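Novice: Below is one structure. I have some questions about it.
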Amino acid sequence: MSADEFAAALRAEGVPVTECGPWRTHHRNHKGAWGPAHGVMIHHTVTSGTDATVRLCRDGYEGLPGPLCHAVIAKDGVAHLVGYGRANHAGLGDPDVLAAVVAEAALPAKQQAAVDGNRHFYGFECENLGDGKDPWPAAQLDTIERAAAALCRHHGWNARSVIGHSEWQPGKIDPKGFTMTSMRERIDERLRA
């Protein structure tokens, strides 16, 4: 999937998209391979304020350069494209979880941090404090559903190819405030519609 196909797939699924600077060539490919892609990973940002969140996810910070995802999904449901290719979002995760995503099987419990997820997952950072109290507006949840479904549709994946960071890496809790089971149900309905 090219960067242009990525943007087109999101738009075709009804995702409102904003392109942020030269996002098509903003990546970490010089640090390792990008692909083959096997799934989609959902995160929360632990930030508030869309402009600051987009800037952080595009540029990164000391010790973790950007991009930190492929797109930031804001509270209003707009997906801000910040990078394409390898992005610093998934980190190391469990090889058994990756095998389950590839097989589109039920996820096992994560136990290890041994496989490079930045190579294999598209990443969506979703603007939320991640405290379980910050609300997830309907527009934002709708875009998460549509964005994940767009990539699944393009690649011929089912909803089991969409996971949360908490399902990939020990010690992670995101996204907090909705369940990935409920989100996968929404994605599955969309893909079957």
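The values are calculated or read from the model by the stated rules, or taken from the named source; none is laboratory data. If you're wondering where the values come from, they're calculated on a predicted model, not measured in any experiment. Ideal geometry is used to build each Cβ from the backbone, glycine not excepted, and the neighbour counts take in all protein chains shown. For the accessible areas, the whole protein counts, side chains as well, though only heavy atoms, and no ligand, DNA or RNA atoms are used. Shrake-Rupley method; radii C 1.70, N 1.55, O 1.52, S 1.80 Å.
Novice: Heavy atoms only, probe 1.4 Å: what % of the accessible area of the chain goes to carbon and sulfur, would you let me know?
Specialist: 50 percent
Novice: Separate question: Quick check on the chain: take the gyration tensor over C-alpha atoms, sort the square-rooted eigenvalues as a ≥ b ≥ c, and tell me if it's rounded (a/c under 1.5), prolate or oblate.
Specialist: Note, shape of the chain comes out rounded.
Novice: When the Kirkwood radius is taken over all Cα pairs of the stretch 105-193, what Stokes-Einstein diffusion coefficient follows at 10 °C and 1.306 mPa s, in µm²/s?
Specialist: Approximately 114 µm²/s, per Stokes-Einstein.
Novice: Also, quick follow-up: Order the peptides 124-130, 42-48 from the highest to the lowest mean number of other Cβ atoms within 10 Å of their residues.
Specialist: My ranking of the peptides, most packed first, is 124-130, 42-48.
Novice: Of all DSSP beta bridges in the stretch 1-147, what percent run antiparallel (nearest 5)?
Specialist: That works out to approximately 35 percent antiparallel.
Novice: Still on this structure: Within the stretch 78-102, whose backbone N sits under 17 Å from a point 7 Å along Cα→Cβ of THR25?
Specialist: Label zone hits: 82-86.
Novice: Counting pairs of alpha carbon atoms under 8 Å apart in space and at least six apart in sequence, what relative contact order in percent does the stretch 109-175 give?
Specialist: Computed over the stretch 109-175, the figure is 41 percent.
Novice: For VAL17 paired with ASP76, estimate the spin-label separation in nm (one decimal), with each label point 7 Å from Cα along the Cα-to-Cβ line.
Specialist: Here the modelled spin labels are 1.9 nm apart.
Novice: Continuing with this model, one more query. Could you work out how much longer the chain between ARG192 and ALA114 gets when fully extended? Use 0.36 nm per residue separation minus the Cα distance between them, nm to one decimal.
Specialist: Taking ARG192 through ALA114 to full extension adds about 24.7 nm, to one decimal.
Novice: Would you be so kind as to identify which of PRO67, ILE42, GLY156 lies farthest towards the positive end of the dipole of the chain, taking Lys and Arg as +1 and Asp and Glu as -1 on Cβ and the Cα centre as origin?
Specialist: GLY156
Novice: Next question. Starting from the amide H of GLY164, placed 1.01 Å from N in the peptide plane, find each other amide H under 5 Å away whose residue is 5 or more places distant or on another chain.
Specialist: Excluding prolines and chain starts, which carry no amide H, the hits are ILE42.
Novice: Starting from the amide H of THR18, placed 1.01 Å from N in the peptide plane, find each other amide H under 5 Å away whose residue is 5 or more places distant or on another chain.
Specialist: Under 5 Å from the amide H of THR18: ALA79, HIS80, LEU81.
Novice: Please give the calculated 222 nm ellipticity per residue for the chain, where each DSSP H segment of at least 4 residues contributes -39500 (n - 2.57) and the sum is spread over every residue; nearest 500 deg cm²/dmol?
Specialist: -10000 deg cm²/dmol
Novice: Report the convex hull volume per residue for the stretch 35-102, counting only C-alpha atoms, in Å³.
Specialist: Roughly 102 Å³ of hull volume per residue.
Novice: What ³J(HN,Hα) values, in whole Hz, does the Karplus curve 6.51 cos²θ - 1.76 cosθ + 1.60 give for the stretch 77-89 when θ = phi - 60°, with x put for Gly and Pro?
Specialist: Computed from phi, the couplings for the stretch 77-89 are x, 7, 9, 9, 6, 10, x, 8, x, 5, 10, 7, 10 Hz.
Novice: Just the accessible area per residue of the chain, please: how many Å² with a 1.4 Å probe?
Specialist: Per-residue accessible area for the chain comes out at 42 Å².
Novice: Scan around GLY123 for amide H atoms under 5 Å from its own, H built in the peptide plane at 1.01 Å from N, and keep only partners 5 or more places away or cross-chain.
Specialist: MET41, HIS70, ALA71
Novice: Then there is this: Rg and Dmax in Å for the stretch 3-79, alpha carbons only: what are they?
Specialist: My reading of the Cα-based Rg and Dmax gives 12.9, 36 Å.
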